[in-house]
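Written out below as C-alpha cells is the structure these notes cover.
The values are calculated or read from the model by the stated rules, or taken from the named source; none is laboratory data. Here the structure is a predicted model, which means the values were calculated and not measured. Ideal geometry is used to build each Cβ from the backbone, glycine not excepted, and the neighbour counts take in all protein chains shown. Accessible surface areas use protein heavy atoms only, side chains included; no ligands, DNA or RNA. Shrake-Rupley method; radii C 1.70, N 1.55, O 1.52, S 1.80 Å.
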Amino acid sequence: MTQADSKIMQMPQVLAMGEAMVEFNQSPEDARRYLQGFGGDTSNFAIAASRQGVRTGYVSAVGDDLFGRMLLDLWRDEHVDTRFVRVDSQAPSGVYFVSHDDNGHHFDYLRAGSAASRYRAQDLPREALAGAQFLHLSGISLAISVSACDAAFDAMSKIRAAGGKVSFDTNLRLKLWPLARARATMREAFSLTDVCLPSWDDVTAVTGLEDRDAILDALLSYGVKVVALKLGREGCYVATPEERRIVAPYPVQAVDATGAGDCFGGAFVARLALGDDPFTAARYANVCAALSTTGYGAVAPVPRAEQVLRALAN
C-alpha cells in the first residue's frame with residue numbers, strides 16, 4: 001500500500017459537503033467549442049485542503065453516468081476520500097456551461113433534479129462525521145434542495161455533538177433561492193458554525209450591513225468562534241471574540257481569480273486542523289489563494305503545501 005493509499009483509508013480530518021459539477025467553458029478562439037473542467041465550491045475547497053496535507057473527504061451524490069465517474073476520478077486523483085459519495089442511478093450529475101461576450105461571463109446550469117440535490121439526511125456518513133475535525137458547507141449546500149438542506153443541518157449538528165467543528169462559506173447564489181429565504185436559512189446556519197468564511201458581496205446581502213466591524217460583530221453574536229472575512233486584493237479580516245486583525249494580502253500577478261475564495265477556505269481550515277491559530281492560518285491561506293490566481297481555472301493552479309511554505313519563507 002502506498003502512502004497515498006494509506007492516507008485515503010484513514011478517516012478524513014476535514015469533510016466537505018455540497019454539489020460538484022462538470023464544467024464546459026466556451027473557448028475564446030472558437031465559440032462552438034467548449035473546454036471541459038470541474039466546478040463546485042465545496043469540491044474546490046476539498047481539493048485545496050487535500051493539497052495542503054490533510055486527510056479530506058467529500059459528502060455528496062453523483063449520477064451513475066459519465067460525468068459522475070469523471071468527478072469520482074477527479075477526487076481520487078486529488079486524494080479526496082470518495083467513500084461518502086453516493087452514486088444515484090435515478091438522477092444525473094450536474095453540469096454547467098460558461099459562455100463569454102462583451103458583457104462578461106454567463107453561466108447556464110443543468111442541475112435541477114441532480115443526484116446531489118436528492119441527498120437526504122439518512123444518507124449521511126455518521127462514522128466519518130463522528131471522527132472528523134471539521135465539516136465544511138456553503139450557502140449552495142443549503143440551497144440546492146430541501147432534502148439537501150435538511151441533511152446539511154443534520155450533519156452540522158452531528159459533527160458538533162461529536163466534538164468536531166463546522167466551517168461555513170456564505171456563497172450566496174440568488175438563482176437557487178430568494179434572498180429572504182437565504183437570509184433566514186443562513187442565519188440559522190450561523191448558529192451552528194464555528195468558523196465562518198464569508199465573502200464581502202455575499203455577507204453584506206445576507207446581513208444587510210456594510211461596515212466590516214458590524215458584520216464581524218453580527219456573526220460573532222451567533223456564536224461563531226472565528227470569522228475570516230475575505231477581502232480579495234485587500235487580504236482578509238480575521239476575528240475571534242477576543243481579537244481581530246487585518247491580514248495583509250500576498251502580492252502576485254493574478255490572471256484568473258476563479259475559485260480563489262474556495263482555495264482560501266480549504267487552506268485556512270486545513271491549517272486550523274494542523275494546529276495553526278486563526279491569524280497564522282489566514283496568512284498561509286492568503287498566500288495559497290494568491291498563488292492560485294496565477295494560473296487558469298479553479299483546480300489546476302491550486303498550490304501544494306511545499307509551494308506555499310516556500311513563498312512564505314521568501
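Overview of results
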read-out	value
Average accessible surface area per residue within the stretch 102-242, 1.4 Å rolling probe, Å²	44 Å²
Packing rank of 56-66, 210-220, 187-197, 103-113, where each peptide gets the mean count of other beta carbons within 10 Å, highest leading	56-66, 187-197, 210-220, 103-113
DSSP bridge orientation in the stretch 131-255 - percent antiparallel, rounded to nearest 5	45 percent
DSSP beta bridge pairing in the stretch 53-151, given as percent antiparallel to the nearest 5	55 percent
Assigned charges on the beta-carbon of Lys, Arg, Asp, Glu; the stretch 88-207 dipole about Cα centre (debye)	400 debye
For the chain, calculated [θ]222 nm from helices alone, where every DSSP H run of n ≥ 4 adds -39500 (n - 2.57)	-12000 deg cm²/dmol
16 Å Cα-Cα reach of K230 towards aspartates and glutamates, excluding residues that sit fewer than 8 places from it in its own chain	D41, D169, D201, D202, E210, D211, D213, D217, D262
Length added when fully stretched, A313-L274, from 0.36 nm per residue minus Cα-Cα	12.2 nm
Amide proton proximity set for D81, modelled H, under 5 Å, gap of 5+	T56, G57, Y58
Intensity falloff of the stretch 170-314 expressed as log10 I(q)/I(0), Debye formula with alpha-carbon point scatterers, at q = 0.21 Å⁻¹	-1.31
Long-range Cα-Cα pairs in the stretch 249-314 (distance over 13 Å), rounded percent	57 percent
Accessible surface of the stretch 205-305, 1.4 Å probe, proportion on carbon and sulfur as whole %	51 percent
Under 5 Å, built H, 5+ apart or other chain: amide partners of L110	V95, Y96, F97
Among A115, A31, T56 - extreme Cα towards positive end, dipole of the chain, charges at beta-carbon	T56
Two-site FRET efficiency, F153 against D101, from Cβ-Cβ distance with R₀ of 41 Å, rounded to 0.05	0.55
Around S145: net Lys/Arg minus Asp/Glu count, Cβ-Cβ under 15 Å	+2
Beta bridges by DSSP in the chain, antiparallel share as percent, to the nearest 5	45 percent
Kirkwood Rh (inverse of mean 1/r, distinct Cα pairs), the chain, angstrom	19.4 Å
